[in-house]
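Following: one structure in structure tokens, then a few remarks.
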């Protein structure tokens, strides 16, 4: 019954009008410009061309992955599909991995990539994302690039400290905590 209820939320919106396609392309270009401005605002040393390339990748590539991974549902519904074997990819970790790889391939000189994780130490749904900073900045000063949160590959962005939904930790801090926790936990046997 749960699957039937969730399936009602999964119908993709199919556009047949050319004007909607151009409006979508126009909206995408506007979003790229917004994200590029957010990246440039990270510091005076950020190369505007790098900010533009990073923004273009962050806005457009997730839309390609959404089509490839057949992501047509809200994030939690799609997660359910992945966890239960109905889809292969599309949980937040997949989005973060793919975006990090795509951005890393650019070899940015003035931008640095970081990974952040929320809810790693509690029972809430863990969430992973990519954070971009100006070179040399602490990851907490960075910009979150999250194509999972809004669903269907649409990019959500904000400064780490301004995120209203999650409290982030660096991936390194979470890994250290996991190692320490495992060392303190007696082996099952």
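Brief remarks on what is shown
- Computed over the range 136-189: relative contact order in percent, which uses C-alpha pairs under 8 Å that are six or more apart: 24 percent
- Value of [θ]222 nm, deg cm²/dmol, for the chain, DSSP H segments ≥ 4, -39500 (n - 2.57) each, nearest 500: -15000 deg cm²/dmol
- Here each label is just a point 7 Å from Cα along the line to Cβ, and for residue 29 and residue 135 those points are 3.1 nm apart.
- FRET efficiency for residue 150 and residue 181, using Cβ-Cβ distance with R0 set to 41 Å, rounded to 0.05: 0.80
- Build a GNM of the chain with springs between Cα atoms under 10 Å apart, and of 131, 83, 72 the one that fluctuates most is 83.
- Ascending count of other beta-carbon atoms within 10 Å, so fewest first, for 133, 185: 185, 133
- Here the peptides 168-176, 41-49 are ranked by packing, the mean other Cβ count within 10 Å, and the order with the highest first is 168-176, 41-49.
Coordinate-derived values only; no laboratory data. Computed from a prediction, not measured in an experiment: that's the story for all the values here. Backbone-built Cβ (ideal geometry, glycine too); neighbour counts: all protein chains shown.
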